[in-house]
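Trainee: One structure, pasted below without further comment.
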Amino acid sequence: MSGPAPVAAGLDLAAIAAALRQQPWIAQWQVTQRDSARQERYLTFLAVESERESASTTWTIWTATAAVDGKQGEASFTIQAGEPLAALQEALGRAHAAAQAAWNPAFTLPAAGEDGVAQATTLAPEALADASISADAPGAVACLAQEFATAVAACPWVRPSTLEIFLTTHDRVLINHRGLRLRERRTHAFAEFVLLHRAPGRDEVEFYHQTEAASLQALALGARVARAARCVRDGAQAGTTVPGVQPVVISDEYLAKLLDSFRAHADAGRHASRTNVFTLGEPVIQRRSGPALTVVSDPSVTSLAAYQFDEQGYAPARTALIEADRLVGVVGPARWMRVLGRLPRGMAGTLVVPAGESAPAQLLAGALEVVAFSDLAARYDTGAFSGEIRLAYRHHADGRVEAVTGGSVSGILTQALADCRFSRDTTTCAGYHGPRAVRFAALTVAC
Amino acid sequence: MRPTSLIPAFVDAIARLQERVPYASAFARSNAGTSARVSALSTICQPISPQAGFTLSAWTGERFLEISSDRLDPAAVAQTTARLLERLRALPRPDDAIMIDPGPLLDRRFSQDMQHDSRLIPAAEKVAFATALRQRLLDGSPRMIEATGIIADVHAEICFVNASCQLGQELHRIREMALGTFSDGTHQAELHGGFERIGGWEHRTLEHRFIEDLRHDGPRLLGAGRLPDPGEHDCIFSGDFSGMFAHEAFGHGTEQDMFLKDRAKGAEFLGKPVASPLVDMIDDPANGWAASYFFDDEGVLATPTRIISQGVLVNGINDRYSAAVLNRRGLDVAKTANGRREAYDHKPYTRMTNTYFARGTSTFAEMLRTVSHGYYLTHPSNGMEDPKGWGIQLEGAMAEEIEGGRLTGRVFSPVVVTGSVPKLLQSVSQVGDEVVEASLGMCGKGYKEWVKVTDGGPVMRLRAVLA
């Protein structure tokens, strides 16, 4: 396989565009073609249980009527490859009826050359796509499976329960009635695995890990397996978490998920609908100690949230969201930016947070370092978060480190950040690039 | 084309594939329906994504090969069959093949009833209903600063074919939801509610209890803090909170594909007590709740599975592969109808359907009277299971204080329950006499592979660690 399958006979972008131009009720339109091809492999105790492959092509079509009194009727729908032109015509008939029922604030789709609109490839192709995946996905799957087996073999105390590998190539083409035509290729590598270990006289325990990235290199499967192997060995001998209010260190994907709530606080749609929790210029943190928080949206910084152009064709643009602990920027779809009287600057991209100043030892001293939660996310409305502790390390003042499990960590994000310290080492995971870890001075640990 | 129109092509494909492998099957699905969503800022009325396509599966005796196509036409079936055969030729035939039972001979078509076919309702009427739902929430709710009304109809046509069976089903349901945003000028809170029902437009209503619950409970969350005394407490779970507990506790814990991977401690406890004798738990894809179907995505006809009976873990749920392997290992595993795919191009796993605790004999008032200090937990939001370690996390939007056998009116938000599954289940001391269906649920396998589920239960009294 070498990338997504060609567009099926029948409909194609040109035929769809021609059909849209013939509809007298359509004043604006946009078509997004998505081709994707995926290879999957599932292993149980290193034996292949299942292999899958799939490919698909869809066109998502957005239409709008001419504006009347500042409002336009809108409708969108998705049609698949293999459908005949008659299916498109039927869908357009239904879209016409839907547009007559769905009136929204009018806005105009962008044209090539307008301020902020993507013109061609902005980022280097390798920032979004790994050629080893798009050129030979089955070969890349085999390489990852071998990397997993090698890493597991180096940790003879573990049993490799499961491995699931998904490698996908996505091609996206966007065209609109104003002549915009943009193309992007991206790849997605996903792996989920579980390692087992039994300590003498104890129940067997597992360590679950899921990771995703745009490239095989960023996936770093072997290194993740090695870390998971150490965790499962420690987890098998873990003691009980000690309750109380205490310093807690949270890192990697959990830190990324917590800070991701600032993406929602800066969402243009939230502000346009006046359901935002914080207003622009308002402090989001009542700082007690430590350096102020800065959060930037930057779709040109490599992560799964990076892009060449957003849903309507706007180019990646850096937008400061939080500066000196205050909400200073909003970001989101062009239509809501216009409602707010702002120029569209693309959808939110990679959430970038500057590195902190603390070395790992400084962060961990005397703290509970949680390396695996059942789940952890902050509520948008209150900032409250809670997570069950699957595995943590208690770093005693005398230097001893003790693995513990059970109980939960909870807090309010904006209060917790008021006296936190970030690590000087950084990480990229999901749509986040920033400090690898944070130390919260006082979170509630309950058992 | 409709999925069932491909049955002749699938029959041919399976005959060709089974010249090479011991078991082959075909699954096809297409979705239809419309979602209308109205908020202050926008009105959206759009079809749901069709996600139409099919998968051909070949079982070699030791592994599955599957290829999916998004084209519902006989030519695509022929091309996919050829591609699958080409890949199979590259694989050795296993010496010691595990056989998968194709099940009994069946040739049936099923359809869920709709009194009013929601596919025929004009877009304008759907938007008008979502608008009215939004207004119903806002009227007389001074602290509700924004509301979103949603009405959606979801239709799936599915077919499954193997050497024994040719099955088709049409599933229809309607989803009504609302989201309220509340503010007192200082604090903000969000709360959502709604329901899903099998059937059509006849189920829409502006008088459902969830609307009043949102209007009543949303303002109570404003400024609500975390629990002042985190730790182990007497609790009463609302019926929908019990449902989430059932789903996370011994729903995931008895998915038998996890048994194959040595990821479920429940495997060691079949036939043994894991809960209070007051506890009965069932998974039933045929009980008429919103996740119901006639057959699963592997062509197994839907029947209920009693998972816990009077506190004893008696059965797991499974897919065809898990059942085949476990029976090969000498376990006497009953086949259940729980092989489900997120979409036509996803792998089938063992998945729950409508999972619930059965009703008991106590009333809420009787339970309340017995609690000297504790909390009443409502508005469940999300949960996570750990079938290997039997840890659990349940989160909800509201815990109301109980003092001296009465609700005090003080609420805390959010609330999280953690602890050991059997310890929680064994602490159940009273079970309510009415089962509530929580019908909006979706379930992930770990953190992906989302399928429609419901859960439910009666109010339950137990002890739990809260924070």
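The values are calculated or read from the model by the stated rules, or taken from the named source; none is laboratory data. All of these numbers come straight from a predicted model, not from anything done at the bench. Virtual Cβ from ideal backbone geometry, glycine too; neighbours counted across all protein chains shown.
Trainee: Could you check segment B:226-238 and list, in sequence order, the residues that are under 18 Å from B:Arg369 (Cα atoms) and either more than 11 Å from chain A (Cβ to nearest Cβ) or free of Cβ contacts under 8 Å to residues at least 60 places away in the same chain (or both)?
Mentor: Scanning segment B:226-238 gives B:Asp234, B:Cys235, B:Ile236, B:Phe237, B:Ser238.
Trainee: Also, quick follow-up: Scan segment A:272-283 and give yes if some residue there is part of a helix (DSSP H, G or I), at pLDDT 95 or above and under 30 Å from B:Gly180 (Cα atoms), otherwise no.
Mentor: yes
Trainee: Run B:Ile7 past the list (1) over 22 Å from B:Arg328 (Cβ atoms); (2) modelled with pLDDT of 95 or more; (3) within 14 Å of chain A (Cβ to nearest Cβ) and report the number of the one that doesn't hold.
Mentor: (3)
Residue-wise test of (1) modelled with pLDDT of 95 or more; (2) crowded, with 16+ Cβ neighbours inside 10 Å; (3) within 13 Å of another protein chain (Cβ to nearest Cβ).
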{"site": "B:Asp113", "(1), (2), (3)": "yes, no, no"}
{"site": "B:Lys126", "(1), (2), (3)": "yes, yes, yes"}
{"site": "B:Phe129", "(1), (2), (3)": "yes, yes, yes"}
{"site": "B:Asp139", "(1), (2), (3)": "no, no, no"}
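Trainee: Can you pull out the residues in segment B:49-62 that are facing chain A (nearest Cβ under 9 Å), closer than 26 Å to B:Ile7 by Cα and surrounded by fewer than 21 Cβ atoms within 10 Å (Cβ to Cβ)?
Mentor: Passing the criteria: B:Ser49, B:Gln51.
Trainee: Oh, and also: Just checking, which of A:Ala98, A:Ala15 is surrounded by fewer than 21 Cβ atoms within 10 Å (Cβ to Cβ) and outside any loop (DSSP other than H, G, I, E, B)?
Mentor: Values: A:Ala98 fails: surrounded by fewer than 21 Cβ atoms within 10 Å (Cβ to Cβ).
Unique residue meeting the criteria: A:Ala15.
Trainee: From the list A:Ala306, A:Ala264, pick out the single residue that is in contact (Cβ under 8 Å) with a residue 60 or more places away in the chain, on the phi < 0 side of the Ramachandran plot and not in a loop (DSSP other than H, G, I, E, B).
Mentor: Details: A:Ala306 fails: not in a loop (DSSP other than H, G, I, E, B).
Only one candidate qualifies: A:Ala264.
Trainee: Filter segment A:70-95 down to residues that are surrounded by fewer than 19 Cβ atoms within 10 Å (Cβ to Cβ) and among the polar types (S, T, N, Q) and give me whichever is nearest to the other protein chains (Cβ to nearest Cβ).
Mentor: My answer is A:Thr78.
Trainee: Could you list, in sequence order, the residues of segment A:192-231 that are within 14 Å of chain B (Cβ to nearest Cβ) and within 15 Å of the chain's Cα centre (by Cα)?
Mentor: A:Gln210, A:Thr211, A:Glu212
Trainee: I'd like the full set of residues that are over 14 Å from the mean Cα position of the chain (by Cα), within 14 Å of chain A (Cβ to nearest Cβ) and among the hydrophobic types (A, V, I, L, M, F, W, C), limited to segment B:427-465.
Mentor: Within segment B:427-465, B:Ala464, B:Val465 meet the criteria.
Trainee: Follow-up. Among the listed residues B:Ser322, B:Ser242, B:Ser292, which satisfies the condition of being in contact with a strand residue (DSSP E or B) (Cβ under 8 Å, 6 or more places away or on another chain), among the polar types (S, T, N, Q) and surrounded by fewer than 24 Cβ atoms within 10 Å (Cβ to Cβ)?
Mentor: Matching residue, one of B:Ser322, B:Ser242, B:Ser292: B:Ser292.
Trainee: Give the residue, chosen from A:Thr58, A:Thr63, A:Thr44, that is in contact with a Phe, Trp or Tyr (Cβ under 7 Å, 6 or more places away or on another chain) and within 13 Å of chain B (Cβ to nearest Cβ). Give the steps one after another, and end with the answer.
Mentor: On the way: A:Thr58 fails: in contact with a Phe, Trp or Tyr (Cβ under 7 Å, 6 or more places away or on another chain); A:Thr44 fails: in contact with a Phe, Trp or Tyr (Cβ under 7 Å, 6 or more places away or on another chain).
The unique qualifying residue is A:Thr63.
Trainee: Related question: Give the residues of segment A:358-397 that are acidic (Asp, Glu) and either away from chain B (no Cβ under 13 Å) or outside any loop (DSSP other than H, G, I, E, B) (or both), sorted by residue number.
Mentor: Quick first cut of segment A:358-397, residues acidic (Asp, Glu) only: A:369, A:375, A:381, A:388.
Correct list: A:Glu369, A:Glu388.
Trainee: Going by the structure shown, is B:Gly339 under 26 Å from B:Arg108 (Cα atoms), within 14 Å of chain A (Cβ to nearest Cβ), buried (at least 20 other Cβ atoms within 10 Å of the Cβ) and touching a Phe, Trp or Tyr at 6+ places or on another chain (Cβ under 9 Å)? Working first, answer last.
Mentor: Working: under 26 Å from B:Arg108 (Cα atoms): yes; within 14 Å of chain A (Cβ to nearest Cβ): yes; buried (at least 20 other Cβ atoms within 10 Å of the Cβ): yes; touching a Phe, Trp or Tyr at 6+ places or on another chain (Cβ under 9 Å): yes.
Taking the combined requirement at face value, the residue satisfies it.
Trainee: Mind checking which pairs have a first residue in segment B:96-120 that is of a type in the set (Phe, Trp, Tyr) and a second that is surrounded by 14 or more Cβ atoms within 10 Å (Cβ to Cβ), Cβ under 9 Å, 6 or more apart or different chains?
Mentor: B:Phe110/B:Leu167; B:Phe110/B:Gly168; B:Phe110/B:Gln169; B:Phe110/B:Glu170; B:Phe110/B:Leu171; B:Phe110/B:Tyr293; B:Phe110/B:Phe294; B:Phe110/B:Phe295
Trainee: Being assigned to a loop (DSSP other than H, G, I, E, B) and touching a residue at least 12 places away in the same chain (Cβ under 8 Å): is that true of A:Gly341 here? Please lay out each step first, then the result.
Mentor: Working: assigned to a loop (DSSP other than H, G, I, E, B): yes; touching a residue at least 12 places away in the same chain (Cβ under 8 Å): no.
It is false that A:Gly341 is assigned to a loop (DSSP other than H, G, I, E, B) and touching a residue at least 12 places away in the same chain (Cβ under 8 Å).
Trainee: Suppose the filter is more than 12 Å from every other protein chain (Cβ to nearest Cβ), of a type outside the set (S, T, N, Q) and over 24 Å from the mean Cα position of the chain (by Cα); does A:Arg424 pass it?
Mentor: no
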